[in-house]
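Read through the structure below, which is laid out as structure tokens, and then see the notes.
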Amino acid sequence: MAKTQKTQAGFSDWILRQRKRAVRAAWGVVILVFAVLGLYAFVNVGFTPYQLSERWRLGAVEREWVSIEEVSRFLPRSLVAAEDANYCLHWGFDMAALRAAIDSGARRGGSTISQQTVKNAFLWQDRSWVRKALEALLTPAAELVWTKRRMLEIYLNIIEFDEGVFGAQAAARHYFDIDAADLNAVQAARLAAILPNPKARSASQPTDRVRARSRSILDGAATIARDARSACFET
């Protein structure tokens with residue numbers, strides 16, 4: 001009997017030690033995540049996981065980091081109008097857009113710029129539940145650490161605009177042979193219009209569908225500028 005009690009006590013101690021280790025490990029992960037987010041609040045994001053995979057596959061990619069001050073004001077407005085019109089109003093998740101997407105049966109929709117930034121900066125591209133869960137955990141953390149302006153700056157520097165073409169500067173040169181600072185309203189709307197499927201669309205040789213979407217984005221960009229929904233990322 002005494003031996004059995006001793007064995008049970010030993011097992012309980014082992015369970016307690018494992019729980020403590022798990023808690024310490026969890027706190028370690030949390031601290032690491034916030035440390036990286038804090039670093040990226042001031043330091044430009046290096047190669048993302050997807051960029052590295054494309055670099056490996058293609059041999060090279062086009063990318064050049066530019067500050068949001070070096071990007072035409074039309075492009076951030078167009079990206080927000082196209083991808084997340086309520087960007088300045090939510091904390092990472094646009095629940096109204098998500099519900100509308102679910103109700104309409106859309107395969108894609110309700111994914112905010114915040115979510116897309118986290119996914120592109122830290123995660124992989126598949127639609128697995130694991131990736132979605134990590135995205136859901138990281139998004140509010142990023143919103144807590146980064147300003148909306150910084151979030152959008154990271155986003156427009158790491159998203160893909162064509163096969164192996166990442167960021168606003170590379171996209172402006174690739175499609176229009178100009179710097180991102182020189183994009184006009186139509187060009188900016190065209191770049192936004194080719195998302196989220198840039199490999200199948202072209203900003204410089206737009207189809208009728210891309211042209212129509214560009215016109216809609218032009219109107220949307222003007223609207224969010226007029227009603228101050230661009231205030232969080234414009235100075």
Among the candidates GLY46, GLY28, single out the residue that is more than 30 Å from ALA222 (Cα to Cα), assigned to a helix (DSSP H, G or I) and not hydrophobic (A, V, I, L, M, F, W, C).
GLY28
State all residues of the stretch 24-35 that are of a type in the set (Val, Ile, Thr), without any contact (Cβ under 8 Å) to a residue 12 or more places away in the chain and either open to solvent by less than 80 Å² (accessible area, probe 1.4 Å) or farther than 23 Å from VAL145 by Cα (or both); if no residue qualifies, say none.
VAL30
Going through the stretch 149-176 in order, the residues found to be out of contact with any Pro (no Cβ under 7 Å at 6 or more places or on another chain), among the charged types (D, E, K, R) and surrounded by 21 or more Cβ atoms within 10 Å (Cβ to Cβ) are GLU153
Any residue that is farther than 12 Å from GLU64 by Cα and β-branched (Val, Ile, Thr) - is there at least one of those in the stretch 193-203?
yes
Please work out which one of (1) exposed (fewer than 15 other Cβ atoms within 10 Å of the Cβ); (2) touching a residue at least 12 places away in the same chain (Cβ under 8 Å); (3) within 17 Å of GLN51 (Cα to Cα) is the condition SER204 fails and give its number.
(3)
Selection within the stretch 152-171 - free of Cβ contacts under 8 Å to residues at least 60 places away in the same chain and part of a helix (DSSP H, G or I):
ALA171
All-but-one check, GLY220 against (1) touching a residue at least 24 places away in the same chain (Cβ under 8 Å); (2) of a type in the set (Gly, Ala, Ser); (3) under 18 Å from VAL61 (Cα atoms); (4) open to solvent by 10 Å² or more (accessible area, probe 1.4 Å), failing number (3)
Only one of ALA133, ALA203, ALA228 is in a loop (DSSP other than H, G, I, E, B), of a type in the set (Gly, Ala, Ser) and at pLDDT below 95; which?
ALA228
Going by the structure shown, is VAL43 closer than 19 Å to ASN120 by Cα, at pLDDT 95 or above and either open to solvent by 60 Å² or more (accessible area, probe 1.4 Å) or acidic (Asp, Glu) (or both)?
yes
LEU195 fails exactly one of (1) free of Cβ contacts under 8 Å to residues at least 60 places away in the same chain; (2) among the aliphatic types (A, V, I, L, M); (3) part of a loop (DSSP other than H, G, I, E, B); (4) buried (at least 17 other Cβ atoms within 10 Å of the Cβ), namely (1)
Go through the residues of the stretch 226-234 one by one and say whether even a single one is over 22 Å from the mean Cα position of the chain (by Cα), more than 30 Å from GLY38 (Cα to Cα) and surrounded by fewer than 18 Cβ atoms within 10 Å (Cβ to Cβ).
yes
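The values are calculated or read from the model by the stated rules, or taken from the named source; none is laboratory data. As the structure is a computational prediction, the values presented were derived from the model and not from experiment. Because the Cβ atoms are built from the backbone with ideal geometry, glycine has one as well, and the counts that use them run over all protein chains shown. Heads up: the accessible areas ignore ligands, DNA and RNA and are worked out on the full protein's heavy atoms, side chains in. Shrake-Rupley method; radii C 1.70, N 1.55, O 1.52, S 1.80 Å.
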